[in-house]
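Before any comments, here is the structure.
The values are calculated or read from the model by the stated rules, or taken from the named source; none is laboratory data. Only a predicted model underlies this, so the values are computations on that prediction, with no experimental measurement involved. With ligands, DNA and RNA removed, areas are computed over all heavy atoms of the protein, side chains included. Shrake-Rupley method; radii C 1.70, N 1.55, O 1.52, S 1.80 Å.
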Amino acid sequence: MAKASDSDGSASHNPRGGGSHATALLQNVHFFLFFIRTLIICARMKTQSESFEAKKRCGLLLQEAAALLRREFEHAAGPEGLTLTQWRVMGQLAQHPDGLRQAALGKAINASAMTVSDVAERLEGAGFIRREPDPGDSRAKLVRVTPQGAVLLDRMRETASGILGRALAGLAEDDRTMLADLLGQVIANLQDRP
């Protein structure tokens, strides 16, 4: 993606520092807004008249938006000393205060048992989670957030709120609801493989 530049051709400058990063973030937010509007237009098209080009455009925009969001979350996770996968594990555990089996955790983040075990080991070593035998099945491990992990989750929520706020800026509440419904349908379509 080309760098944004001022009318004289020079790169934009951010008075708070990090000029090119801030410019790239702004470009990404504008692109994401364009993507959302395009997705809404695609959803409103009549199925019979929908062309391959429109389908292709929707697919490419979905891929680009996902990549941009992934990059933003990876960038945000770095200062916390987390990988994106560790961030996702912590995010899933935040939704399950009573803990989650490692196998269910792997399914939730679409990762192998080995990957989840490795990530859990690292998070446990950092003091963010604890693993213990599941009282309902001694062969399974139950993963729970520690008090130190709860503090990390609070910081992660604040960071995620900022990223998603930027990504969804300019969208009315109704458009956000529609976007969530449309993306949910796309996911359901792809998960229900014949």
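General observations
- Anisotropy class of the stretch 83-124 from Cα gyration tensor, a/c 1.5 cut: rounded
- Restricting the calculation to Cα atoms, every distinct pair contributes to the Kirkwood radius of the stretch 43-155, found to be 16.0 Å.
- Accessible-area composition of the stretch 47-194, carbon plus sulfur, in percent [1.4 Å probe]: 53 percent
- In this entry, the stretch 139-194 is assigned a mean projected area of 7.0 nm², taken as a quarter of its C-alpha convex hull surface.
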